[in-house]
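*Asks:* Here's a structure for you.
The values are calculated or read from the model by the stated rules, or taken from the named source; none is laboratory data. It should be emphasised that the depicted structure is a prediction, and the values quoted were computed from it without experimental measurement. Glycine also receives a Cβ, built like all others from the backbone with ideal geometry; neighbour counts cover every protein chain displayed.
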């Protein structure tokens with residue numbers, strides 16, 4: 001069985017979309033895969049309750065308890081490794097990971113970013129797209145490398161930037177597409193693992 005470990009920091013909407021898709025499409029049988037655990041760096045992350053509702057194991061590795069990124073990443077890796085992951089999925093996980101952590105899961109660590117990478121890595125992507133006069137924005141699923149929001153692109157979705165868009169309105173439309181492309185990209189990647 002290929003175990004998927006999902007890392008979250010907040011509400012977990014992308015995680016929930018992945019879990020629903022896995023259940024709906026029967027990944028357990030069709031892909032010999034399951035979401036084995038959801039791990040958060042924040043004890044108050046709303047996504048933990050959603051995972052619990054789906055009978056998925058949860059864990060919290062609170063980054064505030066660690067003096068360095070390296071110490072946090074070491075404990076996070078230990079929690080992940082207890083689940084024997086084939087794939088580690090960042091789903092709104094708001095921590096920059098150390099190069100050693102990224103290397104540990106090389107080719108098995110993926111992320112979704114709310115822009116059409118390589119445009120607008122980092123934060124505030126929607127406002128930056130509006131400010132730049134972009135006609136289109138979107139989301140990108142990519143393999144994680146040591147360079148922030150960089151790495152081989154697995155999937156993208158495009159949405160129009162409307163003339164009267166706010167960052168929040170654009171973010172909501174992009175998020176709808178994230179919920180579609182992230183599970184699809186995972187399903188396409190699993191047979192290669």
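*Asks:* What tally of residues in the stretch 35-55 results from selecting those that are touching a helix residue (DSSP H, G or I) at 6+ places or on another chain (Cβ under 7 Å) and surrounded by fewer than 18 Cβ atoms within 10 Å (Cβ to Cβ)?
*Replies:* The qualifying residues number 1.
*Asks:* Give just the number: which of (1) within 18 Å of residue 108 (Cβ to Cβ); (2) not in a strand (DSSP E or B) does residue 29 not satisfy?
*Replies:* Here residue 29 clears every test but (1).
*Asks:* When both residues are 6+ apart or on different chains and their Cβ atoms are under 7 Å apart, which pairs have a first residue that lies in the stretch 43-58 and is farther than 17 Å from residue 9 by Cβ, and a second that is surrounded by 19 or more Cβ atoms within 10 Å (Cβ to Cβ)?
*Replies:* From the stretch 43-58, the pairs are 54/19; 57/36; 57/37.
*Asks:* Could you check the stretch 12-26 and list, in sequence order, the residues that are outside any helix (DSSP H, G or I) and surrounded by fewer than 16 Cβ atoms within 10 Å (Cβ to Cβ)?
*Replies:* Keep residues of the stretch 12-26 that are outside any helix (DSSP H, G or I), which gives 12, 25-26.
Listed by number, the residues that qualify are 25, 26.
*Asks:* Also, I was wondering about something else. Can you go through 189, 170 and tell me which one is over 16 Å from the mean Cα position of the chain (by Cα), crowded, with 19+ Cβ neighbours inside 10 Å, assigned to a helix (DSSP H, G or I) and modelled with pLDDT of 95 or more?
*Replies:* None of the other options fit; the residue is 170.
*Asks:* Show the residue pairs meeting these rules: Cβ distance below 9 Å; 6+ apart or different chains; first residue within the stretch 1-16 and on the phi > 0 side of the Ramachandran plot and modelled with pLDDT of 95 or more; second residue surrounded by 24 or more Cβ atoms within 10 Å (Cβ to Cβ) and assigned to a strand (DSSP E or B).
*Replies:* Filtered contacts from the stretch 1-16: 12/6; 12/38; 12/40.
*Asks:* Right, next: Any chance the stretch 74-83 includes a residue that's under 21 Å from residue 112 (Cα atoms) and in contact with a strand residue (DSSP E or B) (Cβ under 9 Å, 6 or more places away or on another chain)?
*Replies:* Within the stretch 74-83 (the criterion being under 21 Å from residue 112 (Cα atoms) and in contact with a strand residue (DSSP E or B) (Cβ under 9 Å, 6 or more places away or on another chain)), the answer is yes, since at least one residue qualifies.
*Asks:* Count, please, the residues in the stretch 59-94 that happen to be crowded, with 17+ Cβ neighbours inside 10 Å, in contact (Cβ under 8 Å) with a residue 40 or more places away in the chain and in a loop (DSSP other than H, G, I, E, B).
*Replies:* Within the stretch 59-94, residues that are crowded, with 17+ Cβ neighbours inside 10 Å, in contact (Cβ under 8 Å) with a residue 40 or more places away in the chain and in a loop (DSSP other than H, G, I, E, B) number 4.
*Asks:* Looking only at the stretch 120-167, which residues are part of a loop (DSSP other than H, G, I, E, B), more than 17 Å from the chain's Cα centre (by Cα) and under 23 Å from residue 188 (Cβ atoms)?
*Replies:* Answer for the stretch 120-167, where residues must be part of a loop (DSSP other than H, G, I, E, B), more than 17 Å from the chain's Cα centre (by Cα) and under 23 Å from residue 188 (Cβ atoms): there is none.
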